Amino acid sequence: MRYIRGFRDGAAATALAARIAVAVDPGREYHLMEFCGGHTHAIFRYGVENLLPHNVRLVHGPGCPVCVLATPRLDAAIALAGLPGVTLLSYGDMLRVPASKRRSLLKARAQGADVRMVYSALEALAMAGANPERQIVFFAIGFETTTPATAHLILEAHRLGLDNLSVYCNHVLTPAAIQGILEAPGTRQWDSVRIDGFIGPSHVSAVIGSRPYEAFAATHRRPVVIAGFEPLDVMQAVDMLVRQLNEGRACIENQFTRGVTREGNGKAQALMAEVFELRPSFEWRGLGVLAGGGVRIRSKYGRFDAERRFSMPMGQTRENSACQCPSIIRGLKKPQECTLFGTVCTPRNPIGSCMVSAEGVCAAYYKYRRPAPAAVDRAHHA
Ligand code: SF4
């Protein structure tokens, strides 16, 4: 805690807020997207928005691993879990994400499917070794933070010659998503979302480095500041972005110098490059199909690819039409604009993916922004 406290210091936050207030041009607006749900939660938890001038707007981005998984791919995972002899493993939040027709992996488990929660991809190795009669499938999701661990799992399965282990790969790529937000044809239709700059994720960038952002910052003239997840990290990133925008610059700057370098983690990158290759396109929930938006397992390790081992048709989906997750993921709407928010849809009973994870925007609003019931009553009786 000794090292965290300094990044939550009230006096330092006040000083930083004053510095931002002086830098901000009152004659313009600053729309800054925090890509990652970890930033969104830090912003709400510590009331960062309340410390910023009213013309600095924070737009919540799509960086929540379970929120962006396209529903057909989750439906396919549920179908996979229902196959005889299959044990499906995934991270905890993934089990609660609603799929088509309000199904989920947790409900599939209640109906008899063998679905298990793991904390680490490598748990699949022990599971496969101990259960040679079963097919163990690791349902892999997430950004570049979790991809190296999945690569390591596949390499270990290869080394051990495990024939009953495979990976259903759904790993996605952060720079491709930011680039996609800026340049996909669909993005241009989102003309009500204005993004002047990005607060980039530090954990992803610790792996990939800051270099991958450089190309699109130059092409699209949008600055990116990679920032840590403490409140003062976020505020300093806002200050750096405001100054870049005032000066007409669009550079990649690194606020999180204590963990991120330009080159990133070479070992993790080598693991990913060995096992995975770029998919030509990949569907994201809310963002649609993004060129190079995800990775797949190279044919060299194809025997560990669940999509090759099993027949996995991607069918039509039927989601709750009242759920506004796709618009929220794109920054078009706020959770309170969803009629289900806080009533039908709560963290205990999520209707959409944004209410499930600790990184989901709806979950953040529910935890930190939801008006107290008394306030709601007063408003109703006013
Ligand atoms: S509140 Fe629930 S139903 Fe509404 S957008 Fe968020 S997750 Fe979807």
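Here's how it looks for Arg249: its modeled amide H is under 5 Å from none belonging to a residue 5 or more places away or on a different chain. If you take all other residues with their beta carbon under 11 Å from the beta carbon of Leu278, and give Lys and Arg +1 and Asp and Glu -1, the sum is +2. Simple rule: put +1 on each Lys or Arg Cβ and -1 on each Asp or Glu Cβ in the chain, find the dipole, and look at Gln179, Pro65, Ile154; the Cα lying farthest toward the positive end is Pro65.
Across the range 112-129, computed HN-Hα scalar couplings (Karplus, 6.51 cos²θ - 1.76 cosθ + 1.60, θ = phi - 60°) run x, 5, 8, 10, 10, 8, 10, 9, 9, 4, 5, 4, 5, 5, 5, 4, 5, x Hz from first to last residue, x flagging Gly and Pro.
If you place +1 on the Cβ of every Lys and Arg and -1 on the Cβ of every Asp and Glu, how big does the dipole about the Cα centre of the chain come out, in debye to the nearest 20?
That gives the chain a dipole magnitude of about 580 debye.
Label positions at Glu156 and Ala358, each projected 7 Å from the Cα along the C-beta direction, are separated by 2.2 nm. In this structure the amide hydrogen of Arg285, modeled in the peptide plane, comes within under 5 Å of the amide hydrogens of Leu69, Ala70, none closer than 5 places in sequence on its chain. Size descriptors for the chain, from the alpha-carbon set: Rg then Dmax equal 21.3, 69 Å. Set Lys and Arg Cβ to +1 and Asp and Glu Cβ to -1, take the dipole of the chain about its Cα centre, and tell me which of Val234, Gln269, Trp284 lies farthest positive. Toward the positive end, the furthest listed residue is Trp284. For the range 1-95, the orientation-averaged shadow of the C-alpha convex hull comes to 9.1 nm² (one quarter of the hull surface). 3J(HN,Hα) along the range 18-32, derived from phi through the Karplus expression 6.51 cos²θ - 1.76 cosθ + 1.60 where θ = phi - 60°, amounts to 5, 5, 5, 4, 5, 6, 5, 7, x, x, 9, 10, 10, 9, 10 Hz, with x in place of Gly and Pro. In the range 58-176, one over the average inverse separation of all distinct C-alpha pairs is 14.7 Å, which is the Kirkwood hydrodynamic radius. Decide, for the range 235-363, between rounded, prolate and oblate: order the square roots of the alpha carbon gyration tensor eigenvalues as a ≥ b ≥ c, take rounded if a/c falls under 1.5, and otherwise choose prolate if a/b is larger than b/c, else oblate. Judged from the Cα gyration tensor, the range 235-363 comes out oblate (a/c at least 1.5, b/c at or above a/b). For the range 250-310, GluC sites (Glu not before Pro) are listed when DSSP marks them as loop and at most 10 other Cβ atoms sit within 10 Å of their Cβ; the list is empty. Distances between placed amide hydrogens fall under 5 Å for Arg57 paired with Tyr30, His31, Leu32, all partners being 5 or more residues away or on another chain. Fewest-first ordering of Thr14, Thr146, Thr40, Thr346 by other beta carbons within 10 Å of each residue's beta carbon gives Thr14, Thr346, Thr146, Thr40.
Taken one residue at a time, the phi angles of the range 76-90 give Karplus couplings (6.51, -1.76, 1.60, θ = phi - 60°) of 5, 5, 5, 4, 4, 5, x, 6, x, x, 9, 10, 9, 10, 7 Hz. Gly and Pro are set to x. Between Arg369 and Glu214, full extension at 0.36 nm per residue minus the direct alpha carbon distance yields a gain of 52.3 nm. Model label points for Arg103 and Glu49, set 7 angstrom from Cα along the Cα-to-Cβ axis, are 3.6 nm apart. Within straight-line reach of Lys333, meaning a Cα separation under 19 Å, sit the following aspartates and glutamates at least 8 residues removed in sequence or on another chain: Glu29, Glu34, Glu49, Asp191, Asp196, Glu319, Glu359.
Counting Lys and Arg as +1 and Asp and Glu as -1, what is the net charge of the other residues whose Cβ lies under 12 Å from the Cβ of Ala15?
Neighbourhood net charge equals -1.
Computed from the coordinates by the stated procedures, all read-outs in this text should not be read as laboratory data. Bear in mind that the values here come from a model prediction, so they are computed numbers and not experimental data. When we count neighbours, we look across all protein chains shown, and the Cβ atoms used for this are built from the backbone with ideal geometry, even at glycine.
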